[in-house]
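Structure first, then comments.
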Amino acid sequence: QVQLVESGGGLVQAGGSLRLSCAASGRALSRYTMGWFRQAPGKEREFVAVVHWSGSRTLYADSVKGRFIISRDNAKNTVDLQMNSLTPEDTAIYYCAARGLVLTTNPQEYNYWGQGTQVTVSS
C-alpha cells in the first residue's frame with residue numbers, strides 16, 4: 001500500500017505561482033509512475049501531468065504545457081508540481097496519484113490517491 005499526502009495548495013492571484021508537493025509513505029515511489037490530476041466543481045477529474053518511475057519521461061495536458069513542471073525525488077519519496085502563470089481556469093482540487101510502471105494519463109488506471117489540495121486562482 002502507498003499513502004499519498006498533498007500539500008502546497010492555496011489562494012493565488014492570476015499570473016502567480018504555486019508549488020504542490022506529494023509525500024509518499026508505505027512503499028518507495030521508485031517503482032511507481034506518478035501523476036497529478038485535478039477536478040474542478042461540476043467537472044470530471046482530468047489529467048494534468050505524469051512522470052515515469054525513472055523520471056526519464058513526462059507528459060503534460062495541453063492546457064498546462066509550458067506553465068507546469070512535474071518532478072520527482074525518489075530518494076525523498078516526493079513528487080512536486082510547479083505551477084506558473086496560473087489562471088482562474090486552473091482552480092480545482094489537485095490530486096496526487098500512483099500506479100505501476102507503465103506511464104499513462106488515464107486517471108482510472110491509477111491505484112493510489114491522496115486526499116487532494118485546493119488551488120484557487122483569483123482574477
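The values are calculated or read from the model by the stated rules, or taken from the named source; none is laboratory data. Note that this is a predicted model, so its numbers are computed, not measured. All Cβ positions, glycine included, derive from the backbone under ideal geometry; neighbour counts span all protein chains shown. Remember, those area values only see protein heavy atoms, side chains included, never the ligands or the DNA or RNA. Shrake-Rupley method; radii C 1.70, N 1.55, O 1.52, S 1.80 Å.
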Give me the pairs: first residue in segment 94-123 and farther than 26 Å from Ala14 by Cβ and in a strand (DSSP E or B), second residue open to solvent by less than 30 Å² (accessible area, probe 1.4 Å) and of a type in the set (S, T, N, Q), beta-carbon distance under 7 Å, and six or more apart or on different chains, which are they? Arg99/Thr33
Which of (1) in a loop (DSSP other than H, G, I, E, B); (2) surrounded by 15 or more Cβ atoms within 10 Å (Cβ to Cβ) is the odd one out, the single condition Gly15 does not satisfy? (2)
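Matching residues to (1) out of contact with any strand residue (DSSP E or B) (no Cβ under 7 Å at 6 or more places or on another chain); (2) at pLDDT below 95; (3) on the phi > 0 side of the Ramachandran plot; (4) open to solvent by 70 Å² or more (accessible area, probe 1.4 Å):
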position	(1), (2), (3), (4)
Leu4	no, no, no, no
Ala23	no, no, no, no
Gly26	no, yes, yes, no
Gly35	no, no, no, no
Ala40	no, no, no, no
Arg45	no, no, no, yes
His52	no, yes, no, no
Tyr60	no, no, no, no
Can you find a residue in segment 12-29 that is among the hydroxyl-bearing types (Ser, Thr, Tyr), out of contact with any helix residue (DSSP H, G or I) (no Cβ under 9 Å at 6 or more places or on another chain) and closer than 12 Å to Val119 by Cα? yes
